[in-house]
Each structure stands twice: as structure tokens, then as C-alpha cells.
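First the structure, in the form of C-alpha cells, and then the observations on it.
The values are calculated or read from the model by the stated rules, or taken from the named source; none is laboratory data. Keep in mind it's a predicted model, so treat the numbers as computed, not measured. So basically every Cβ, Gly included, is an ideal-geometry build from the backbone, and we count neighbours across all protein chains shown. For the accessible areas, the whole protein counts, side chains as well, though only heavy atoms, and no ligand, DNA or RNA atoms are used. Shrake-Rupley method; radii C 1.70, N 1.55, O 1.52, S 1.80 Å.
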Amino acid sequence: LPSPNGSRLTLACGEAAVLAGCLRNAGAVAAKALNLAQGRDIAVIPAGERWADGSLRPAIEDLIGAGAVIEALGFDGETEAVVARDAFRAARPHLKATLLNCRSGLELSGRGHELDVEIAAEFDVSRCAPVLRNGAYEDAA
């Protein structure tokens, strides 16, 4: 399913190396980010959603996914990153139920996309590390 806000953020990153991470590929994305960063800072940004009026709607599934990447990075620093990591740790034993019962999960299930939510809840099952190159993502794992 498309992520309009994720797409917007992707296009706003300028010359920075950009990867697309989620629960499914957290380990692969973390490994690639560490490789690309070469000791420099890494930003992990949960995209969130948009309300009908266009304002930002925080999305727990994005916070948990960001936390999974932060956990895989082995990062234990800034408060915001620690909170995201801890949200992932708290949700990890019941990722499927958490994603199915959050606002986005309920909306998607109501539109017949419950299987998509279940697939999105699978943790670290993909070795794909999508890197933005020439306006498109390609696997750089």
C-alpha cells in the first residue's frame, strides 16, 4: 500500500542517503545505514500519516517500526530514539495484534486490507534494504 507521507519525506531529503525501513526489514536497513553512515549520524524518521485536512497524524505503527530499526542499530542515546526503541520492545511480543488494533490497522482492515496489515507486522523477515537512487528505491542489501 502506498505511503503518501513517506513519499513526501523521501522527496524532501535532498542529497542525504535515504533508506526505507519497517518492521519487516529492520535488521537489513540498520546494517546498510551503518555501512553508509561510516560513523556519521543516522536519522530514523517515522513518517506518520495525514488527517483528511492534511495535518500530521502520528502513526503508532511508524513509531514501532522506527524503534525496530533503532534497536537493530544498537543505539541507546537520544531520548526520542530510546522512546521509539522502547515502544518497539513493548509491542514486539504482540506486533500483529498491535498493528491490527491501531487506528491505521482498523482503517485498512475495514477496507479489506487485513492481510496487508498482517504482512506488515512480520518482524525482520526481509533482507531487502531499499536505498533511494535517481528518484526510486532499489535493493542495496
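Take the conditions (1) in contact with a helix residue (DSSP H, G or I) (Cβ under 7 Å, 6 or more places away or on another chain); (2) farther than 16 Å from K32 by Cβ; (3) outside any helix (DSSP H, G or I); L132 misses just one of them, which is (2). Annotation note: of A66, A43, the sole residue that is surrounded by fewer than 18 Cβ atoms within 10 Å (Cβ to Cβ) and closer than 18 Å to L9 by Cα is A43.
From E71, E61, E80, grab the single residue that is without any contact (Cβ under 8 Å) to a residue 24 or more places away in the chain, open to solvent by 20 Å² or more (accessible area, probe 1.4 Å) and of a type outside the set (A, V, I, L, M, F, W, C). Steps first, please.
On the way: E71 fails: without any contact (Cβ under 8 Å) to a residue 24 or more places away in the chain; E61 fails: without any contact (Cβ under 8 Å) to a residue 24 or more places away in the chain.
Of the residues listed, the single one that is without any contact (Cβ under 8 Å) to a residue 24 or more places away in the chain, open to solvent by 20 Å² or more (accessible area, probe 1.4 Å) and of a type outside the set (A, V, I, L, M, F, W, C) is E80.
What do you reckon, is V69 under 11 Å from the mean Cα position of the chain (by Cα) and modelled with pLDDT of 95 or more? Against the criterion (under 11 Å from the mean Cα position of the chain (by Cα) and modelled with pLDDT of 95 or more), V69 qualifies. In the set (1) open to solvent by 50 Å² or more (accessible area, probe 1.4 Å); (2) more than 28 Å from N101 (Cβ to Cβ); (3) of a type in the set (A, V, I, L, M, F, W, C), the condition left unmet by V18 is number (1). One residue stands out among those in the range 89-141 that are in contact (Cβ under 8 Å) with a residue 60 or more places away in the chain and of a type in the set (D, E): the one that is farthest from A28 (Cα to Cα), which is D116.
If you take the residues of the range 1-55 that are in contact with a Pro (Cβ under 7 Å, 6 or more places away or on another chain) and among the hydrophobic types (A, V, I, L, M, F, W, C), which of them is nearest to S126 (Cα to Cα)? If you could, list the steps in order and put the result at the bottom.
As a first pass, look at the range 1-55 and keep what is in contact with a Pro (Cβ under 7 Å, 6 or more places away or on another chain): 19-20, 48, 50.
So of that shortlist, the ones also among the hydrophobic types (A, V, I, L, M, F, W, C) come out as 19-20.
Working: L19: 14, A20: 12 Å.
Among residues in the range 1-55 that are in contact with a Pro (Cβ under 7 Å, 6 or more places away or on another chain) and among the hydrophobic types (A, V, I, L, M, F, W, C), the one nearest to S126 (Cα to Cα) is A20.
When residues in the range 83-112 are screened for being farther than 18 Å from I45 by Cα and open to solvent by 60 Å² or more (accessible area, probe 1.4 Å), 12 of them pass.
Looking for whichever is of a type in the set (S, T, N, Q) and farther than 21 Å from R92 by Cβ here; the options are N35, N25. Which one fits? Explain how you work it out, then say what you get.
Working: N25 fails: farther than 21 Å from R92 by Cβ.
Only one candidate passes the filter, namely N35.
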